[in-house]
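> Before I ask anything, let me first share the structure, which is written out below as C-alpha coordinates.
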Amino acid sequence: QVQLVESGGGLVQAGGSLRLSCAASTNIFSINAMGWYRQAPGKQRDLVASIISGGNTNYVDSVKGRFTISRDNAKNTMYLQMNSLKPEDTALYYCMIKRYGVITWGQGTQVTVSS
(Lines give C-alpha, C1' and ligand atoms only; values in the text may rest on other atoms or scores of the structure.)
Protein backbone atom coordinates (compact mmCIF):
# COMPACT_ATOMS: atom_id res chain seq x y z
CA GLN A 1 0.00 0.00 0.00
CA VAL A 2 1.34 3.39 -1.00
CA GLN A 3 2.02 5.86 1.78
CA LEU A 4 2.35 9.62 1.49
CA VAL A 5 4.05 11.75 4.13
CA GLU A 6 3.64 15.52 4.06
CA SER A 7 5.92 17.99 5.77
CA GLY A 8 6.73 21.68 5.74
CA GLY A 9 3.62 23.20 7.25
CA GLY A 10 3.72 25.73 10.04
CA LEU A 11 2.83 29.19 11.24
CA VAL A 12 3.84 32.13 9.07
CA GLN A 13 2.95 35.79 8.85
CA ALA A 14 1.01 37.13 5.91
CA GLY A 15 3.32 37.70 2.98
CA GLY A 16 5.62 34.89 4.04
CA SER A 17 6.51 31.63 2.31
CA LEU A 18 6.41 27.93 3.02
CA ARG A 19 7.34 24.87 0.99
CA LEU A 20 5.36 21.71 1.49
CA SER A 21 6.78 18.32 0.62
CA CYS A 22 5.01 15.05 -0.05
CA ALA A 23 7.21 11.97 0.01
CA ALA A 24 5.78 8.82 -1.55
CA SER A 25 6.70 5.26 -0.61
CA THR A 26 6.55 4.24 -4.26
CA ASN A 27 8.09 5.27 -7.55
CA ILE A 28 6.08 8.25 -8.79
CA PHE A 29 7.55 8.35 -12.30
CA SER A 30 4.51 6.69 -13.88
CA ILE A 31 1.88 8.35 -11.71
CA ASN A 32 -0.04 10.77 -13.85
CA ALA A 33 -2.37 12.39 -11.35
CA MET A 34 -0.84 14.13 -8.36
CA GLY A 35 -2.03 17.14 -6.48
CA TRP A 36 -2.38 19.24 -3.38
CA TYR A 37 -5.70 19.87 -1.67
CA ARG A 38 -6.63 21.95 1.35
CA GLN A 39 -9.43 21.94 3.87
CA ALA A 40 -10.26 24.84 6.13
CA PRO A 41 -12.35 24.29 9.29
CA GLY A 42 -15.99 23.76 8.42
CA LYS A 43 -15.31 23.64 4.70
CA GLN A 44 -14.90 20.92 2.10
CA ARG A 45 -11.56 19.70 0.82
CA ASP A 46 -10.70 21.58 -2.37
CA LEU A 47 -8.06 21.17 -5.05
CA VAL A 48 -5.25 23.72 -4.86
CA ALA A 49 -2.89 22.53 -7.60
CA SER A 50 -2.25 19.48 -9.71
CA ILE A 51 0.58 18.18 -11.87
CA ILE A 52 0.68 15.42 -14.45
CA SER A 53 3.58 13.22 -15.49
CA GLY A 54 4.41 15.44 -18.46
CA GLY A 55 4.84 18.39 -16.12
CA ASN A 56 1.69 20.30 -17.01
CA THR A 57 0.23 22.07 -14.00
CA ASN A 58 -3.12 23.45 -12.98
CA TYR A 59 -3.99 25.88 -10.17
CA VAL A 60 -7.10 27.19 -8.53
CA ASP A 61 -7.51 30.88 -9.38
CA SER A 62 -6.93 32.06 -5.82
CA VAL A 63 -3.33 30.77 -5.76
CA LYS A 64 -2.22 31.46 -9.33
CA GLY A 65 0.99 33.46 -9.39
CA ARG A 66 1.70 32.68 -5.73
CA PHE A 67 1.93 28.87 -5.50
CA THR A 68 4.06 26.51 -7.58
CA ILE A 69 3.61 22.76 -7.70
CA SER A 70 6.49 20.56 -8.79
CA ARG A 71 7.65 16.98 -8.63
CA ASP A 72 11.05 15.28 -8.36
CA ASN A 73 10.64 11.78 -9.73
CA ALA A 74 14.14 10.79 -8.62
CA LYS A 75 13.21 11.57 -5.02
CA ASN A 76 9.61 10.34 -5.29
CA THR A 77 8.55 13.67 -3.88
CA MET A 78 6.05 16.36 -4.80
CA TYR A 79 6.33 19.95 -3.61
CA LEU A 80 4.15 22.99 -3.18
CA GLN A 81 6.02 26.28 -2.96
CA MET A 82 3.73 28.87 -1.41
CA ASN A 83 4.67 32.54 -1.59
CA SER A 84 2.84 35.73 -0.61
CA LEU A 85 0.72 33.75 1.81
CA LYS A 86 -2.58 35.20 2.96
CA PRO A 87 -4.68 34.47 6.05
CA GLU A 88 -7.27 32.84 3.79
CA ASP A 89 -4.65 30.23 2.83
CA THR A 90 -4.91 28.84 6.37
CA ALA A 91 -5.95 25.19 6.13
CA LEU A 92 -4.89 21.59 6.48
CA TYR A 93 -3.04 20.71 3.28
CA TYR A 94 -3.15 17.20 1.85
CA CYS A 95 -1.24 15.63 -0.99
CA MET A 96 -2.94 13.09 -3.24
CA ILE A 97 -1.92 10.60 -5.86
CA LYS A 98 -4.07 8.45 -8.15
CA ARG A 99 -2.35 5.21 -9.12
CA TYR A 100 -4.05 2.39 -11.03
CA GLY A 101 -7.38 4.00 -10.24
CA VAL A 102 -6.73 4.10 -6.49
CA ILE A 103 -6.57 7.44 -4.71
CA THR A 104 -4.20 7.79 -1.79
CA TRP A 105 -4.08 10.73 0.63
CA GLY A 106 -1.40 11.91 2.97
CA GLN A 107 -2.12 12.64 6.62
CA GLY A 108 -2.14 16.40 6.11
CA THR A 109 0.06 19.25 7.25
CA GLN A 110 -1.29 22.39 8.89
CA VAL A 111 -0.59 25.79 7.38
CA THR A 112 -1.56 28.81 9.47
CA VAL A 113 -1.10 32.34 8.16
CA SER A 114 -1.41 35.17 10.66
CA SER A 115 -2.44 38.67 9.66
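The values are calculated or read from the model by the stated rules, or taken from the named source; none is laboratory data. The structure presented is a predicted model; accordingly, all values stated were derived computationally and were not measured. All Cβ positions, even for glycine, are placed from backbone atoms using ideal geometry, and neighbour counts span all protein chains on display. Ligands, DNA and RNA are stripped out before the accessible areas are found, and what is left, the full protein with its side chains, is counted by its heavy atoms. Shrake-Rupley method; radii C 1.70, N 1.55, O 1.52, S 1.80 Å.
> Name the most mobile residue of 32, 83, 56, meaning the one with the largest mean-square fluctuation, in a Gaussian network model of the chain with Cα contacts below 10 Å.
Looking only at 32, 83, 56, the biggest GNM fluctuation is shown by 56.
> If you don't mind, another one. Rounded to two decimals, what is the ratio between the C-alpha radius of gyration of the chain and 2.2 N^0.38 Å? Let's see the in-between values first.
Numbers: Rg = 13.3 Å, N = 115, 2.2 N^0.38 = 13.4 Å.
For the chain, the normalised Cα radius of gyration comes out at 1.00.
> Just the number please: accessible area per residue for the range 2-92, 1.4 Å probe, all protein chains included, in Å². Walk me through the numbers on the way to the answer.
Numbers: 4700 Å² over 91 residues.
Value for the range 2-92: 52 Å² per residue.
> Using only alpha-carbon positions, what ratio does the radius of gyration of the range 11-62 give when scaled by 2.2 N^0.38 Å? Could the numbers behind the result be given before it?
On the way: Rg = 13.4 Å, N = 52, 2.2 N^0.38 = 9.9 Å.
Here the Cα radius of gyration is 1.36 times the empirical estimate.
> Sorted by accessible area (1.4 Å probe), largest first, how do 37, 94 line up? Before the final figure, lay out the partial values.
Details: 37 50, 94 25 Å².
The residues order as 37, 94, largest area first.
> If you count the DSSP beta bridges with both ends in the chain, what percent of them are antiparallel, to the nearest 5? Intermediate results must be reported in sequence, preceding the final value.
Working: 38 of 42 bridges.
Roughly 90 percent of the DSSP beta bridges within the chain come out antiparallel.
> Please report the accessible area of residue 52 (heavy atoms, 1.4 Å probe, ligands and nucleic acids excluded) in Å², nearest 10.
70
> Under the Kirkwood approximation for Rh and a Cα-based Rg, what ratio Rg/Rh is obtained for the range 41-81?
Details: Rg = 11.7 Å, Rh = 11.4 Å.
Ratio value, two decimals: 1.03.
> Let me ask something else. For residue 43, give me every one of the aspartates and glutamates with a C-alpha distance below 20 angstrom, ignoring sequence neighbours fewer than eight places off in its own chain.
61, 88, 89
> Right, here's the next one. Running a GNM on the chain with Cα contacts under 10 Å, which residue among 101, 15, 42 ends up with the highest mean-square fluctuation?
Sorting by GNM fluctuation, first place goes to 42.
> Turning to a different aspect of this structure: Between the DSSP loop rule and a limit of at most 16 other Cβ atoms within 10 Å, which trypsin sites (Lys or Arg not before Pro) in the range 57-115 are left? Before the final figure, lay out the partial values.
Working: sites: 64, 66, 71, 75, 98, 99; in loops: 64, 66.
Counting only loop positions with at most 16 other Cβ atoms within 10 Å, the trypsin sites (Lys or Arg not before Pro) in the range 57-115 are 64, 66.
> Determine the share of the chain's accessible area contributed by carbon and sulfur atoms, expressed in whole percent, with a 1.4 angstrom probe.
Numbers: 2940 of 6160 Å².
Looking at the chain in its full context, I get 48 percent from C and S.
> For a quick check of your reading of the filter: which trypsin sites (Lys or Arg not before Pro) in the range 23-52 sit in a DSSP loop and have no more than 12 other Cβ atoms within 10 Å? Kindly include the intermediate steps, with their values, before the conclusion.
Numbers: sites: 38, 43, 45; in loops: 43, 45.
Sparse-neighbourhood loop trypsin sites (Lys or Arg not before Pro): 43.
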